[in-house]
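A quick write-up on the structure given underneath.
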Amino acid sequence: MTPMAFIIEDDLELSDIFAQALGSAAFETAVLLDGRQAEHRLTFSVPDLIVLDLHLPEKSGLDLLREIRADARFKETRIIVATADARAAELTRDQADLVILKPVSFRQLRELAKRIYIELDQRTL
Amino acid sequence: MSLRSKTLLIISATLLALITLLYLSSHLIVMNSYLSLEHEIAERNLERVLNHLTDDFATLNAVARDWAYWDDTYAFVQGENPEYVNLNLIDASFISFDVNLLAMLDDNGQLVVTRAYDLQQGAPIPWPTSMTDYLQPTSPLLAPLGDGNAIQGMILLPENPLLVIAIPILKSNGSGPVGGVMIWGRYLDAHTHSRLEEMTRLNLNLFPLNQPLDPRLQTVVLQLHDPTNRVITPLDDQVTAAYALLTDLNGTGAALIEVQIDREVWSRGQNTVFYFMMALIAIGLIIGAIIYWLLEKWILSRIACLKTQMNLISADPNDTRTGLANAIEVNGDDEIKTLADEVNRMLKALYQARWQAEQNLITRAEILEERVEARTAELNEANLRLVDEIDERRKAQEALIVARDRALEGLRLKTQILANVSHDARTPLNVIMGYAEILEEQIHGNLTPKQSDVIKRIHANAAELLAFINNLLDSSQLEMNKVSLRPERFAISDLINALMAAMETRAVSRGLTLTVSVDADLPETIYNDFGRVKQILFNLVDNAIKFTLTGTIQVRLYWLPHDATRWAIQVADTGIGISPELREQIFEPFWQVDGTVTRRNNNGVGLGLSIVDQLCRLMNCEIQCESEVERGTKFTILIPFISEPVTEDLR
């Protein structure tokens, strides 16, 4: 089964690049452009991986992260926080599985996704 | 000791010494003369007694001569006149001649007749045998038989001393031959004694030497070894005694005669001395009292008065009635008066001196007061000036604060703008780089080599631009002190790997060699802010790549050989070098903006070294720079080891 990855990022092009990177790492991807949209989507979908920007319109990534982590449905979900805000990134270290500071390169994200894919693959076996 | 006591003492001592001296000398002189007078009187009385005895002998001698030079006696002793005894040797004869014994011896020395009579009893007594014994043929009393000369003297009989006269019996005309010897004797007995006392009106005592004597008298006897000597010695305070020795016919001592005399003269002398003494003491006391009174009146009381007045002055020198301003009053015209006058002169001088001193003091106080006033006025003036100045300064400070706040606000705004610009610029750059990478990875189809090259150039320049924007952001944040360190334990190998990943391609693409060496003794992991250490290292290497055309860039990490507390990152290049003039500027931000440095194959505004410098300050690191123009530059960053908190360990 193809693993599912949500890319919660308000920049359309950046989210496209992230999606291509994750896609080339064999993830099925969905891009969510604001916090509200993401929240809505998460009520009925449980992804295997979330790439989360912190500065989002409608609802902040920090709030979203807190809610996801408080929800038992997402306990198997990996979360990569990708932000340019180093100070806010510091606050998420306990909750996120990985924190990467922007700029995030295509290759860097692809390598990370590949590693996670292998871990997920091993777990399902 | 007060002067009065001293005076009294001197007077008393003088009088006492004087009286003692006078008493002793008067006693010596007066009593001596009285004593010698007493001696004289005693001696005279003794002589009187002795003269009486001599007179008695003379009387007896005359009577005896009458009887012995008488024919009747002559005839009787020749045995021819038997009636003679009854006619002449009767009691009346004994009484009238005051004799006790009468004896006659013939020319052969044989006793013819002996008669004895007790004058006190008034009756005849038997002839004493002691006398018979004494009348031996060798007896001196028989000497008249031989030479016809009479003998008189004393003999010591056991019962009493006896005054005796032996006289030759001759015819009435005094012709011989000697018919015999007539002996008359008178006892020195109580009768004779009382008669003698009566005649001399003296107390007499006779001590025959054939009887025991008390020791006092024995001493006297010894002193009288020469019969002409006299001994006079007081018996007690009332009586003195004079002694003479009476000798017998042989010239040896027979009896001691003692005459006792009242010591009237001596006691009178005693009295005289006593009264003299009394008078002396009385006079001494009077004179002493007078002397003391006079001294008191003329000297002591005046000195006391002087002292009282001076005490009064010294007690309160400032009192107008009794103080320094007053003079001392003393009567008379002598040294004390002179002393008082001198004291007065001194007081006056003192008073004047003090007055002068007070005047000086007042003057000085006034001067001082004036000075104080002047100084106070000056100070007030200065104070006012100071207040004005402070006011001005305060205003200036306020203006400065406003200016500073504006400047800070400007800086903050600039940083904010920079941050916004950077953020806004980074996102599209990130996008550009991301798409470039996607193309490079040929996900959407293969590229021709030319296309691939173009894409690489786009990516490289975008990366450079991103690095520049990052530096710009970091620089402004460092300037605002907004950067805080986040130390963690990291591996040196991670640092090296990151460096190689980021820089090796760039170096190689410029035809340069990048080498990294790590000294073996350097710890494998280090506790510090990994991101900042990496930033320092990247900036230095980036800088080296920019300014090196050919050659190598050598990176070395090592533990300082002489400083165990620090380790070092060294980046050496073979680049264009830095001239000494430029060395001061290279750590300034934007130092390359003016374009004086040849910008050959690099672009940038010189933020890298400035960030290194600022980070080094933040991390307490030291930067060393060695450079030679056209030969190369060597930067060394000395980084202190940071001790890792214990809680970090536990976690």
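The values are calculated or read from the model by the stated rules, or taken from the named source; none is laboratory data. Predicted model, so just to flag it, every value in this text is computed and none were measured. As a convention, Cβ positions derive from the backbone with ideal geometry for all residues, glycine included, and neighbour counts pool all protein chains shown.
Structure above, values below:
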{"quantity": "Members of segment B:415-432 found to be over 19 Å from A:GLN108 (Cβ atoms), of a type in the set (S, T, N, Q) and at the interface with chain A (Cβ under 10 Å from one of its Cβ atoms), listed by number", "calculated": "B:SER422"}
{"quantity": "Filtered residue count, segment B:433-448, keeping only those that are aliphatic (A, V, I, L, M) and more than 9 Å from chain A (Cβ to nearest Cβ)", "calculated": "2"}
{"quantity": "Test for A:ARG87: is it basic (Lys, Arg), within 14 Å of another protein chain (Cβ to nearest Cβ) and closer than 23 Å to B:GLU437 by Cβ", "calculated": "no"}
{"quantity": "Test set (1) surrounded by 15 or more Cβ atoms within 10 Å (Cβ to Cβ); (2) without any contact (Cβ under 8 Å) to a residue 60 or more places away in the chain - B:ILE443 fails condition number", "calculated": "(1)"}
{"quantity": "Whichever residue in segment A:15-32 is over 12 Å from the mean Cα position of the chain (by Cα) and without any contact (Cβ under 8 Å) to a residue 40 or more places away in the chain and, among such residues, is surrounded by the most Cβ atoms within 10 Å (Cβ to Cβ)", "calculated": "A:ASP16"}
{"quantity": "Some residue of segment B:419-428 being farther than 30 Å from B:ASP453 by Cβ and surrounded by fewer than 12 Cβ atoms within 10 Å (Cβ to Cβ)", "calculated": "yes"}
{"quantity": "Leading residue by the ranking (farthest from the chain's Cα centre (by Cα)) among those in segment A:90-111 that are touching a residue at least 24 places away in the same chain (Cβ under 8 Å) and more than 12 Å from chain B (Cβ to nearest Cβ)", "calculated": "A:LEU91"}
{"quantity": "Flag for B:ARG412 being more than 30 Å from A:ARG110 (Cα to Cα), in a helix (DSSP H, G or I), away from chain A (no Cβ under 14 Å) and under 60 Å from the mean Cα position of the chain (by Cα)", "calculated": "no"}
{"quantity": "Flag for B:GLY284 being surrounded by fewer than 11 Cβ atoms within 10 Å (Cβ to Cβ) and not β-branched (Val, Ile, Thr)", "calculated": "no"}
{"quantity": "Subset of segment B:258-294 (residues that are closer than 30 Å to B:ALA242 by Cα and of a type in the set (A, V, I, L, M, F, W, C))", "calculated": "B:VAL259, B:ILE261, B:VAL265, B:TRP266, B:VAL273, B:PHE274, B:PHE276"}
{"quantity": "Checklist (1) within 14 Å of chain B (Cβ to nearest Cβ); (2) surrounded by 14 or more Cβ atoms within 10 Å (Cβ to Cβ); (3) farther than 16 Å from A:ASP48 by Cβ applied to A:LYS114, failing item", "calculated": "(3)"}
{"quantity": "Within segment B:623-642, tally of residues that are in contact (Cβ under 8 Å) with a residue 60 or more places away in the chain, part of a strand (DSSP E or B) and within 21 Å of B:ARG532 (Cβ to Cβ)", "calculated": "6"}
{"quantity": "Qualifying residue in segment A:54-76 (condition: of a type outside the set (A, V, I, L, M) and within 14 Å of chain B (Cβ to nearest Cβ))", "calculated": "yes"}
{"quantity": "Criterion: touching a Ser or Thr at 6+ places or on another chain (Cβ under 7 Å), of a type in the set (A, V, I, L, M, F, W, C) and closer than 30 Å to B:LEU557 by Cα - qualifying residue of B:ALA498, B:ALA491, B:ALA460", "calculated": "B:ALA491"}
{"quantity": "Residue match in segment B:283-295 (condition: over 38 Å from the mean Cα position of the chain (by Cα), farther than 30 Å from B:LEU28 by Cα and free of Cβ contacts under 8 Å to residues at least 40 places away in the same chain)", "calculated": "yes"}
{"quantity": "Residue within segment B:535-553 that is small (Gly, Ala, Ser) and over 17 Å from B:THR574 (Cα atoms) present", "calculated": "no"}
{"quantity": "Residue count for segment A:1-31, restricted to those that are closer than 14 Å to A:LEU65 by Cα and away from every other protein chain (no Cβ under 14 Å)", "calculated": "2"}
{"quantity": "Qualifying residue in segment B:453-466 (condition: in contact (Cβ under 8 Å) with a residue 40 or more places away in the chain, within 11 Å of another protein chain (Cβ to nearest Cβ), surrounded by fewer than 18 Cβ atoms within 10 Å (Cβ to Cβ) and under 20 Å from A:ARG87 (Cα atoms))", "calculated": "no"}
{"quantity": "Where a residue in segment B:474-486 is in contact (Cβ under 8 Å) with a residue 24 or more places away in the chain and away from every other protein chain (no Cβ under 13 Å) and its partner, wherever it lies, is part of a loop (DSSP other than H, G, I, E, B) and crowded, with 17+ Cβ neighbours inside 10 Å, with Cβ under 6 Å and at least six apart", "calculated": "B:SER475/B:PRO589; B:SER475/B:LEU607"}
{"quantity": "Unique residue being among the polar types (S, T, N, Q), more than 23 Å from B:MET1 (Cα to Cα), exposed (fewer than 10 other Cβ atoms within 10 Å of the Cβ) and free of Cβ contacts under 8 Å to residues at least 24 places away in the same chain when the list is B:ASN344, B:ASN380, B:ASN326, B:ASN318", "calculated": "B:ASN318"}
{"quantity": "Complete set of residues in segment B:185-230 that are assigned to a helix (DSSP H, G or I) and under 14 Å from B:LEU162 (Cα atoms)", "calculated": "B:ALA190, B:HIS191, B:THR192, B:HIS193"}
{"quantity": "B:LEU294 being among the hydrophobic types (A, V, I, L, M, F, W, C), at pLDDT 85 or above and in contact with a strand residue (DSSP E or B) (Cβ under 9 Å, 6 or more places away or on another chain)", "calculated": "no"}
{"quantity": "Selection status of A:LEU98, of a type outside the set (Val, Ile, Thr), under 16 Å from A:LYS114 (Cα atoms) and at pLDDT 90 or above", "calculated": "no"}
{"quantity": "Test: residue in segment A:34-51 that is within 14 Å of chain B (Cβ to nearest Cβ), out of contact with any Ser or Thr (no Cβ under 8 Å at 6 or more places or on another chain) and surrounded by 14 or more Cβ atoms within 10 Å (Cβ to Cβ)", "calculated": "yes"}
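Yes/no matrix, rows are residues, columns are (1) at pLDDT below 90; (2) of a type in the set (Val, Ile, Thr); (3) more than 16 Å from B:ARG186 (Cα to Cα):
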position: B:ALA17; (1), (2), (3): no, no, yes
position: B:TYR34; (1), (2), (3): yes, no, yes
position: B:ALA92; (1), (2), (3): yes, no, no
position: B:PHE97; (1), (2), (3): yes, no, no
